[in-house]
Amino acid sequence: MKIIISPAKKMNTDADSLEYNQLPDFINDTEALTKYLKGLTYEELKTMWKCSEKIATLNYERIQEMDVHQNLTPAILAFEGIQYQYMAPGVFETEELEYLEQHLRILSGFYGILRPFDGIVPYRLEMGTKLKNYHAKSLYEFWDRKLADKLFSESKCIVNLASEEYSKTIARYLQEDIKFVTCVFGEMIEEKVVEKGTLAKMARGEMVRFMAENKVEDVEDIKNFNYLNYAFAKDLSDENTYIFLK
């Protein structure tokens, strides 16, 4: 079983807390993207990122100095978004970290797919990004089915805790022999299940924590998830979508 999650925009460098284990599997593709990004002007990058001057300046400077083989941080500690805060990998014991390294995969526009202890550098490149003057028109076209094929070679059972922007890099290539379970964290509003962005990110992080703490190996066992006052809604769920309601 593999768990897929999205990356976070906010990143940091931390080479002291834990050492990285290895380079990402698609490092050659990342190097090609680095070369492409280095060739773009500040204005072209700012337009691509759709961000403020402050964020654009920070990431433009990162790209100019970027070396994807130096000053590396384990991916699990490099991302600082809400999902990662609630996962709280910094306080995991060795057994939980080993569980994550075996089961957790982080989808990335820049790195493709990451194991928790792959060494990475801070970057800004969302999966939905359009590419200008490049052989691929978008990152979806750039990565094509590489990420799905890699994931399916590792497991035939996928727990999807990623946003649609990232999960469709896998979902669009599903095969009959793959079990792909998407978790939805919502609440009932006017007889509809409504997922709220921040709460969903918090719950996804807590689900990863729940799975690591309980060493979950059978996808059925995630139905026992009860963190943040969520409970499995059997009547609303099916074999491909597990719905958890507050």
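Nothing in this text is a laboratory measurement; each read-out follows from the coordinates by a stated rule. In this text the structure is predicted, and so the values were computed from the model without any measurement. Glycine also receives a Cβ, built like all others from the backbone with ideal geometry; neighbour counts cover every protein chain displayed.
Can you give the calculated 222 nm mean residue ellipticity of the chain, where each DSSP H run of n ≥ 4 adds -39,500 (n - 2.57) and the sum is split over every residue, rounded to the nearest 500 deg cm²/dmol?
-10500 deg cm²/dmol
What does the extension gain come out to for residue 23 and residue 35, with contour length at 0.36 nm per residue minus their alpha carbon separation?
Full-extension gain reported as 2.5 nm.
Starting with the fewest neighbours, write out 29, 238 ranked by other beta-carbon atoms found within 10 Å of each beta-carbon.
Ranked by crowding around the Cβ, least crowded first: 238, 29.
Counting Lys +1, Arg +1, Asp -1, Glu -1, what net charge surrounds residue 124 among other residues with beta carbon under 11 Å of its beta carbon?
For residues surrounding residue 124, the net value is +4.
List the longest stretch of the chain that has no exposed loop site; here a site is one of the GluC sites (Glu not before Pro) assigned by DSSP to anything other than H, G, I, E or B, with at most 16 other Cβ within 10 Å.
With a cap of 16 other Cβ atoms within 10 Å, the longest stretch comes to 94-175.
Could you work out the per residue convex hull volume over the alpha carbons of the range 2-245, in cubic angstrom?
133
Given R₀ = 35 Å, what would the calculated FRET efficiency be for residue 239 paired with residue 141, taking r from the Cβ atoms and rounding to 0.05?
The computed FRET efficiency comes out at 0.65.
Starting from the coordinates of the alpha-carbon atoms of the range 63-102, obtain the Kirkwood hydrodynamic radius over all distinct pairs and give the value in Å to one decimal.
Computed over the range 63-102, the radius equals 11.8 Å.
Relative to the first principal axis of the alpha-carbon coordinates of the chain, what is the inclination of helix 197-213, with its axis defined by its Cα atoms, in degrees from 0 to 90 and to the nearest 10?
70
Within the range 19-51, list the chymotrypsin sites (Phe, Trp or Tyr not before Pro) lying in a DSSP loop whose Cβ has at most 13 other Cβ atoms in a 10 Å radius.
Qualifying residues, ordered by number: none.
Zone of residue 132 (label point 7 Å along Cα→Cβ, backbone N under 16 Å): which residues in the range 37-78?
Only 37-53, 56-57, 60 pass the distance filter.
Reachable lysines from residue 168, Cα under 16 Å, same-chain residues fewer than 8 places away excluded?
2, 130, 146, 150, 179
Past 23 Å, Cα to Cα: identify those pairs from 46/201; 35/156; 196/223; 192/215, in the order given.
Violating the 23 Å limit, Cα to Cα: 46/201; 35/156; 192/215.
Relative to the present Cα-Cα distance, how much length would full extension add between residue 80 and residue 149 at 0.36 nm per residue of separation?
Extra length from residue 80 to residue 149 when fully extended: 22.1 nm.
Work out the length of the dipole vector of the chain about its Cα centre, built from +1 on the beta-carbon of each Lys and Arg and -1 on the beta-carbon of each Asp and Glu, and round it to the nearest 20 debye.
Dipole about the Cα centre, nearest 20: 920 debye.
Multiply the residue separation of residue 179 and residue 88 by 0.36 nm, subtract the distance between their alpha-carbon atoms, and state the gained length in nm to one decimal.
Difference between extended and current length: 30.0 nm.
What is the distance, in nm, between label points placed 7 Å from the Cα along the Cα-to-Cβ direction at residue 223 and at residue 71?
4.9
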